[in-house]
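To start, the structure itself, in structure tokens.
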Amino acid sequence: MSKPITSIPSANILLSSLRSVGYTPETAIADIVDNSLSANASAITIEFNWQEQVIIISDNGDGMSEQELLKSMNIGSSDPLNSRSIHDLGRFGMGMKTASFSLGKKLTVLAKTSGIINNASWDLDYVRKEDKWQILVEERSSLSIQQLSNRISEYDNGTVVCISNIDKVISSNSANEKKKFYKMIDNVKNHLSLVFHRFMESGKMSIIVNRTPLTPWNPFIPDNKARQELEPEEVNENGHKVVIRPYVLPHKTKFANDDEVRAAGGYKGWLHHQGFYVYRNKRLIIYGTWFGLFKKEMSFNLARIQLDIYSDSDFDWQIDIKKSKAVPPAYTDDIIRIAAEKATKQSVKVYNSRGTYSDRKGNAHAPQLSYVWEQRKDSRGSYSFFLNKKHTLLNKLKITLSAEQKELLNAYLNLVEKCSPMELSGVNDMSVSKGVLPENEYNELAYQAKRLISTLTINGSSKEETGSLLQQLPDYSALMDDFDNIYMEACNGTK
């Protein structure tokens, strides 16, 4: 028969370890805001104070009694296996503590209900010294408690979360550290505007950061009438509902100005914001991902897919403590793949649509001067950018050139395509081995390389220079094993 032995972890070691769960300042603050929303708060105020090195989040939610507050300060204050309200954004009962510890060493919480204020604190310096699982409670009359109480003085109920000694945010008093601190505040604002946009848009909740009300950022740009909403999909597995709504954003020509285009791209840019947006109880969990279905392509930038799940699906989706990770369960594979294929296909179509140039009189037959680049899909399903070789200005230029000059120009345009930032950055990785390419595609690539080598050789480039150039270009990576033969054939053809 087994003999049970009580094993109590070191308070100091465990709480110190929880500081490295993996929060960013943005995800940590968002996790604390979750508690405010779960407590039915309609007004949330966040203060970042460089001078005092504190972060304070206050709300007008339900507040807590003394007993409820002390229970909420326990590490793991709720069972993740218990069923939760559809409006509850929590899960493990650890978010407030772990999020706070990832920012600073001391967490103080004030909870007000029916006009009565209670407080409790975790002080990691105290825990390190005593190595005991002890929550600290201060006298209500203390100056620090009185100052924090002022944040919710106008409410009958509410909560204040104060994170002090924020060593994970501020490591020195240098000018660079201060600049980094205020940049972090901007990141938090942008993150909250996205993560909680559906709550703010409903008018049921507002967030103020350092006296500035946040404006919700809806990634699906509902105010633009040119946005396309594709047919929604739904799956219900053992009562666990998943709803998918694919959207294709408008072509850039359908926005009023460049500022609107940049705003629609999101604070991280168009490429980062394409893909799925997974919401749990309307709260954004993860976004800007294709779940490994395919790589991000510029032509997919207009595809954004809203995916709604609920708290009863947490285990299915492997929602983590930080609520910043989600993994689709197997029963959603088909619906996710189909939605992604439809959205990206339509995005490519809209993205590659040619914006027309017209004069003020609206000449419908004006040249399409903006159509400089086009994107094509190869036999491997990858997209690359190519110059529009039929562009009006290019054709007019070629008329004035000799055959030799045209060949030189074509070689240069080929280099522009192959050396574009997109190709060289690795975002559009086209590197392949010889055996992977179909024979006809390999032969076409070799032919292009020979033409380029021939032109470069005639104009004074050495074999070493030419080989070094081709080796840098992802498209030609499959040719390098045969480079000597290809070079010889190209040179023989120029004699």
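Any idea how many residues of the range 32-73 are assigned to a helix (DSSP H, G or I) and farther than 24 Å from Val137 by Cβ? Spell out the reasoning first.
Start the filter on the range 32-73 by keeping residues that are assigned to a helix (DSSP H, G or I), which leaves 32-38, 66-72.
Cutting the leftovers down to farther than 24 Å from Val137 by Cβ gives us 33-34, 37.
Total meeting the criteria: 3.
Could you please give the count of residues in the range 265-278 that are more than 12 Å from Asn218 (Cα to Cα) and buried (at least 20 other Cβ atoms within 10 Å of the Cβ)?
Result for the range 265-278: 4.
Does any residue in the range 405-417 that is without any contact (Cβ under 8 Å) to a residue 12 or more places away in the chain come within less than 9 Å, Cβ to Cβ, of a residue that is assigned to a helix (DSSP H, G or I) and buried (at least 16 other Cβ atoms within 10 Å of the Cβ) six or more places away or on a different chain, and which pairs are these?
Correct list of pairs: Tyr412/Thr455.
Kindly establish whether Asn257 is over 23 Å from the mean Cα position of the chain (by Cα) and modelled with pLDDT of 95 or more. Give the steps one after another, and end with the answer.
Details: over 23 Å from the mean Cα position of the chain (by Cα): yes; modelled with pLDDT of 95 or more: no.
Spelling it out, it is not the case that Asn257 is over 23 Å from the mean Cα position of the chain (by Cα) and modelled with pLDDT of 95 or more.
Six or more apart or on different chains, Cβ under 7 Å: which pairs go from a residue in the range 4-23 that's within 14 Å of Lys106 (Cα to Cα) to one that's aromatic (Phe, Trp, Tyr) and surrounded by 12 or more Cβ atoms within 10 Å (Cβ to Cβ)? Could you list them?
Correct list of pairs: Leu15/Phe101; Leu18/Phe101; Arg19/Phe101.
Residue under question is Ile321, and the condition is that it be assigned by TED's automatic domain parsing to the domain that holds Ser347, in contact with a strand residue (DSSP E or B) (Cβ under 7 Å, 6 or more places away or on another chain) and among the β-branched types (Val, Ile, Thr); does it hold?
Details: assigned by TED's automatic domain parsing to the domain that holds Ser347: yes; in contact with a strand residue (DSSP E or B) (Cβ under 7 Å, 6 or more places away or on another chain): no; among the β-branched types (Val, Ile, Thr): yes.
Criteria not met by Ile321.
When only residues in the range 106-148 that are small (Gly, Ala, Ser) and more than 36 Å from the chain's Cα centre (by Cα) count, which is surrounded by the most Cβ atoms within 10 Å (Cβ to Cβ)?
Looking only at the range 106-148, we keep the residues that are small (Gly, Ala, Ser), and these are 111, 114-115, 120-121, 141-142, 144.
From what's left, more than 36 Å from the chain's Cα centre (by Cα): 114-115, 141-142, 144.
Details: Ser114: 8, Gly115: 9, Ser141: 7, Ser142: 11, Ser144: 14.
The residue in question is Ser144.
For the structure I just gave you, tell me whether Phe220 is surrounded by 15 or more Cβ atoms within 10 Å (Cβ to Cβ), aromatic (Phe, Trp, Tyr), closer than 30 Å to Phe276 by Cα and not assigned by TED's automatic domain parsing to the domain that holds Ser36. First the steps, then the outcome.
On the way: surrounded by 15 or more Cβ atoms within 10 Å (Cβ to Cβ): yes; aromatic (Phe, Trp, Tyr): yes; closer than 30 Å to Phe276 by Cα: yes; not assigned by TED's automatic domain parsing to the domain that holds Ser36: yes.
The answer is yes for Phe220.
Mind checking whether some residue in the range 368-385 is at pLDDT 80 or above, closer than 26 Å to Leu456 by Cα and surrounded by 13 or more Cβ atoms within 10 Å (Cβ to Cβ)? Walk me through it before giving the result.
The first filter runs over the range 368-385 and keeps only residues at pLDDT 80 or above, leaving none.
So far as the range 368-385 goes, no, none of its residues is at pLDDT 80 or above, closer than 26 Å to Leu456 by Cα and surrounded by 13 or more Cβ atoms within 10 Å (Cβ to Cβ).
Conditions tested, residue by residue: (1) among the β-branched types (Val, Ile, Thr); (2) under 19 Å from Leu479 (Cβ atoms); (3) modelled with pLDDT of 75 or more; (4) in contact with a helix residue (DSSP H, G or I) (Cβ under 6 Å, 6 or more places away or on another chain).
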site	(1), (2), (3), (4)
Leu394	no, no, yes, no
Ser402	no, no, yes, no
Asn410	no, yes, yes, no
Asn440	no, yes, no, no
Arg451	no, yes, yes, no
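Restricting to the range 439-495, count the residues that are within 41 Å of the chain's Cα centre (by Cα), hydrophobic (A, V, I, L, M, F, W, C) and within 19 Å of Leu408 (Cβ to Cβ).
Within the range 439-495, residues that are within 41 Å of the chain's Cα centre (by Cα), hydrophobic (A, V, I, L, M, F, W, C) and within 19 Å of Leu408 (Cβ to Cβ) number 5.
Kindly provide the set of residues from the range 276-319 that are in a loop (DSSP other than H, G, I, E, B), among the charged types (D, E, K, R) and on the phi < 0 side of the Ramachandran plot, ordered by number.
Applying the first criterion (in a loop (DSSP other than H, G, I, E, B)) to the range 276-319 yields 281-282, 290-297, 301-302, 310, 318-319.
Filter again for among the charged types (D, E, K, R), leaving 282, 295-297.
If the condition is that a residue be in a loop (DSSP other than H, G, I, E, B), among the charged types (D, E, K, R) and on the phi < 0 side of the Ramachandran plot, then Lys295, Lys296, Glu297 are the ones that fit.
Sort through Leu307, Leu302, Leu293 and tell me the only one that's farther than 25 Å from Asp31 by Cα and either modelled with pLDDT of 95 or more or of a type in the set (Ser, Thr, Tyr) (or both).
Numbers: Leu307 fails: farther than 25 Å from Asp31 by Cα; Leu293 fails: either modelled with pLDDT of 95 or more or of a type in the set (Ser, Thr, Tyr) (or both).
Step by step, each of Leu307, Leu302, Leu293 is checked, and only Leu302 is farther than 25 Å from Asp31 by Cα and either modelled with pLDDT of 95 or more or of a type in the set (Ser, Thr, Tyr) (or both).
Looking only at the range 190-228, filter to residues that are in contact with a Phe, Trp or Tyr (Cβ under 9 Å, 6 or more places away or on another chain) and among the basic types (Lys, Arg); which one of those is farthest from Tyr287 (Cα to Cα)?
Arg227
Taking the stated definitions as given, is Asp334 over 15 Å from the mean Cα position of the chain (by Cα), assigned to a loop (DSSP other than H, G, I, E, B) and free of Cβ contacts under 8 Å to residues at least 40 places away in the same chain?
Details: over 15 Å from the mean Cα position of the chain (by Cα): yes; assigned to a loop (DSSP other than H, G, I, E, B): no; free of Cβ contacts under 8 Å to residues at least 40 places away in the same chain: yes.
Spelling it out, it is not the case that Asp334 is over 15 Å from the mean Cα position of the chain (by Cα), assigned to a loop (DSSP other than H, G, I, E, B) and free of Cβ contacts under 8 Å to residues at least 40 places away in the same chain.
Being under 17 Å from Gln405 (Cα atoms), out of contact with any strand residue (DSSP E or B) (no Cβ under 8 Å at 6 or more places or on another chain) and surrounded by 16 or more Cβ atoms within 10 Å (Cβ to Cβ) is true for just one of Leu452, Leu479, Leu473, Leu469. Which residue is that? Give the derivation first.
Details: Leu479 fails: under 17 Å from Gln405 (Cα atoms); Leu473 fails: under 17 Å from Gln405 (Cα atoms); Leu469 fails: under 17 Å from Gln405 (Cα atoms).
Exactly one residue qualifies, and that residue is Leu452.
Of all residues in the range 124-145, count the ones that are touching a helix residue (DSSP H, G or I) at 6+ places or on another chain (Cβ under 9 Å) and outside any helix (DSSP H, G or I).
Taking the range 124-145 and keeping what is touching a helix residue (DSSP H, G or I) at 6+ places or on another chain (Cβ under 9 Å), we get 124, 127-140.
Within this subset, residues satisfying the condition of being outside any helix (DSSP H, G or I) are 131-140.
Number satisfying all stated conditions: 10.
Output the qualifying pairs, or none if there are none: Cβ atoms under 6 angstrom, residues six or more apart or on different chains, first residue in the range 146-169 and small (Gly, Ala, Ser), second residue in a strand (DSSP E or B).
So the pair list comes out as Ser149/Ile117; Gly158/Asp59; Gly158/Lys112; Ser164/Val54; Ser164/Lys106.
List pairs: first in the range 287-305 and in the same structural domain as Thr27 (by TED's automatic domain parsing) and β-branched (Val, Ile, Thr), second surrounded by fewer than 22 Cβ atoms within 10 Å (Cβ to Cβ) and in a loop (DSSP other than H, G, I, E, B), Cβ under 8 Å, 6+ apart or cross-chain?
Once the first residue is in the same structural domain as Thr27 (by TED's automatic domain parsing) and β-branched (Val, Ile, Thr) and sits in the range 287-305, no partner that is surrounded by fewer than 22 Cβ atoms within 10 Å (Cβ to Cβ) and in a loop (DSSP other than H, G, I, E, B) comes close enough.
When the range 157-166 is examined, which residues are found to be assigned to a loop (DSSP other than H, G, I, E, B) and either over 18 Å from Ile32 (Cβ atoms) or over 26 Å from the mean Cα position of the chain (by Cα) (or both)?
First, the residues of the range 157-166 that are assigned to a loop (DSSP other than H, G, I, E, B): 157, 165-166.
Scanning the range 157-166 gives Asn157, Asn165.
The values are calculated or read from the model by the stated rules, or taken from the named source; none is laboratory data. Computed from a predicted structure; not experimentally measured. Quick reminder, even Gly has a Cβ in these numbers, built from the backbone with ideal geometry, and neighbours come from all protein chains shown.
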